[in-house]
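S.K.: I am attaching a structure below and will ask some questions about it afterwards.
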Amino acid sequence: MPQILAIESSCDETAAAVCWDGIILSNIIATQKIHEEYGGVVPELASRAHLQAIVPVVDSALKKANVHLDQIDAFAFTQAPGLIGALLVGAEFAKSLSLACNKPLISVHHMQAHVLANCIQTTGKENSTPTFPFLCLTVSGGHTQIVLCEDYLKMRVIGETLDDAAGEAFDKSAKILGLPYPGGPLIDKYAKCGNANRYKFPEPKIDGLDFSFSGLKTAILYFVRDEKIKNENFVEENMADICASIQSRIVSILLHQLKKAADETGISDICIAGGVSANSGLRYAFEKMGLEQGWKTFIPPFEYCTDNAAMIAITGYYKYLAVIFEDLTVVPSARAVF
Ligand code: KG4
Ligand code: ZN
């Protein structure tokens, strides 16, 4: 029964988790607040904050799991993609632990891990994980992908964004509205009391299974600029309706392509994953579409949607079973396909 310690440090969360035979025993996340005042993640500051947080975060994960370092069978870390300075902190920390404890080192692709967050067993819930083959719509701050999964470690991207990611569409829209970073959760919050039919934003016509959000961003920018000329308090007075209308359009773009992918592949076990899968409008519309289409739908619990190390641990667990290990020369990579 392997026990894995996993580290995630690709962007602005320093996270560590322990999993025992595929069951998550602890999942500790330290979110870096420093970026809020800059309106986005500052890479240099992210690396420094990881350095400060990594020892206490790993220590908490071990303590919460009630596991001692010498009981760990392998060390997993996020190898790609992400901010290179941020990735280096987690990678070098995991390598040091692997060397000191003389236990295998496992590298994990962050986007593959987001997908496998759906394969984490939730205690007390029967049939809580999808059956292969399944489709996953992975929506995060840097990526928007439809992934066809044939097995835990056998996945293929069959659609992806041609420009902005869905999370960027949320965050950039929020910035236009004067909201702080990250704006996605704030748009979600305001949208709950808004009328999604009040403003109509354009839906791109994209062939195949890819996505595009740059046209939507430009449309929102011009719309807000023009309305503010007529009424300088336009955004403050209509925040809920604007947010609901933006959210509804982002969700409809995502689900339109996901339905196309399900129809084309004939696959009916469908998941969502990544930070944007925490969005309440997407979760609701996805479940509704699932009922209409006869899909079996899967959404990870909130703590496994945004960046976390539990998803790195579960991916590390399946790589451990497949005996896929790295030597100490492995280096992180800012960009990498899988
Ligand atoms: O997966 P994630 O934590 O980090 C990356 O790998 O990028 O995703 C972060 C993204 C951000 O763009 C954030 O605004 C968005 O997920 N996000 C949300 C919500 N919670 C996080 N977007 C919309 N609604 C939410 N509730
Ligand atoms: Zn992520």
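S.K.: Do we have VAL18 as part of a helix (DSSP H, G or I), open to solvent by less than 20 Å² (accessible area, probe 1.4 Å), over 23 Å from GLY184 (Cβ atoms) and in the same structural domain as MET311 (by TED's automatic domain parsing) here? Steps first, answer last, please.
M.R.: Details: part of a helix (DSSP H, G or I): no; open to solvent by less than 20 Å² (accessible area, probe 1.4 Å): yes; over 23 Å from GLY184 (Cβ atoms): yes; in the same structural domain as MET311 (by TED's automatic domain parsing): yes.
Criteria not met by VAL18.
S.K.: Looking at the stretch 133-155, which of the residues that are touching a Cys at 6+ places or on another chain (Cβ under 8 Å) and open to solvent by 60 Å² or more (accessible area, probe 1.4 Å) is nearest to ligand 2 (Cβ to nearest atom)?
M.R.: TYR152
S.K.: I'd like the residue in the stretch 210-232 that is open to solvent by 70 Å² or more (accessible area, probe 1.4 Å) and more than 27 Å from the chain's Cα centre (by Cα) and, out of all such residues, is nearest to GLN257 (Cα to Cα).
M.R.: Our first condition is that a residue be open to solvent by 70 Å² or more (accessible area, probe 1.4 Å); within the stretch 210-232, this holds for 221-222, 225, 228-230, 232.
Still in the running and more than 27 Å from the chain's Cα centre (by Cα): 222, 225, 228-230, 232.
Values: TYR222: 26, ARG225: 30, LYS228: 33, ILE229: 35, LYS230: 36, GLU232: 37 Å.
In this case the residue turns out to be TYR222.
S.K.: Here's a follow-up. Could you tell me which of the residues GLN79, GLN52 is under 19 Å from the mean Cα position of the chain (by Cα) and open to solvent by 30 Å² or more (accessible area, probe 1.4 Å)? Working first, answer last.
M.R.: On the way: GLN52 fails: under 19 Å from the mean Cα position of the chain (by Cα).
Matching residue, one of GLN79, GLN52: GLN79.
S.K.: Would you please name the residue that is farthest from ligand 1 (Cβ to nearest atom), looking only at residues in the stretch 182-195 that are surrounded by 18 or more Cβ atoms within 10 Å (Cβ to Cβ) and part of a loop (DSSP other than H, G, I, E, B)?
M.R.: GLY194
S.K.: Moving to a separate point now. Which residue pairs have Cβ atoms under 8 Å apart, sit 6 or more places apart or on different chains, and have a first residue in the stretch 286-310 that is farther than 22 Å from SER248 by Cα and modelled with pLDDT of 95 or more and a second that is part of a helix (DSSP H, G or I) and of a type in the set (Phe, Trp, Tyr)?
M.R.: ALA310/TYR304
S.K.: For HIS114, state whether it is in contact with a Phe, Trp or Tyr (Cβ under 7 Å, 6 or more places away or on another chain), under 25 Å from ILE23 (Cβ atoms), within 15 Å of ligand 2 (Cβ to nearest atom) and in contact (Cβ under 8 Å) with a residue 12 or more places away in the chain.
M.R.: no
S.K.: Report, by residue number, each residue of the stretch 41-71 that is among the polar types (S, T, N, Q) and assigned to a helix (DSSP H, G or I). Before the answer, list the steps.
M.R.: Step one: list which residues in the stretch 41-71 are among the polar types (S, T, N, Q), which gives 47, 52, 60, 66, 71.
SER47, GLN52, SER60, GLN71 - these are the residues of the stretch 41-71 that are among the polar types (S, T, N, Q) and assigned to a helix (DSSP H, G or I).
S.K.: For the stretch 246-266, which positions are of a type in the set (A, V, I, L, M) and either within 21 Å of VAL224 (Cβ to Cβ) or open to solvent by 20 Å² or more (accessible area, probe 1.4 Å) (or both)?
M.R.: The initial filter retains those residues of the stretch 246-266 that are of a type in the set (A, V, I, L, M), namely 246, 250-251, 253-255, 258, 261-262.
Passing the criteria: ILE246, ILE250, VAL251, ILE253.
S.K.: Condition check: in a helix (DSSP H, G or I), among the charged types (D, E, K, R), over 28 Å from ILE146 (Cα atoms) and without any contact (Cβ under 8 Å) to a residue 60 or more places away in the chain. Does GLU232 satisfy that? Quick ask: steps written out before the conclusion?
M.R.: Values: in a helix (DSSP H, G or I): no; among the charged types (D, E, K, R): yes; over 28 Å from ILE146 (Cα atoms): yes; without any contact (Cβ under 8 Å) to a residue 60 or more places away in the chain: yes.
Answer is no for this residue.
S.K.: Only one of ASP171, ASP207, ASP163 is free of Cβ contacts under 8 Å to residues at least 60 places away in the same chain, touching a Phe, Trp or Tyr at 6+ places or on another chain (Cβ under 8 Å) and either open to solvent by less than 60 Å² (accessible area, probe 1.4 Å) or part of a loop (DSSP other than H, G, I, E, B) (or both). Can you tell me which?
M.R.: On the way: ASP171 fails: free of Cβ contacts under 8 Å to residues at least 60 places away in the same chain; ASP207 fails: touching a Phe, Trp or Tyr at 6+ places or on another chain (Cβ under 8 Å).
One residue alone meets the criteria, ASP163.
The values are calculated or read from the model by the stated rules, or taken from the named source; none is laboratory data. Since the model is a prediction, treat every value here as computed from it, not as a measurement. So basically every Cβ, Gly included, is an ideal-geometry build from the backbone, and we count neighbours across all protein chains shown. With ligands, DNA and RNA removed, areas are computed over all heavy atoms of the protein, side chains included. Shrake-Rupley method; radii C 1.70, N 1.55, O 1.52, S 1.80 Å.
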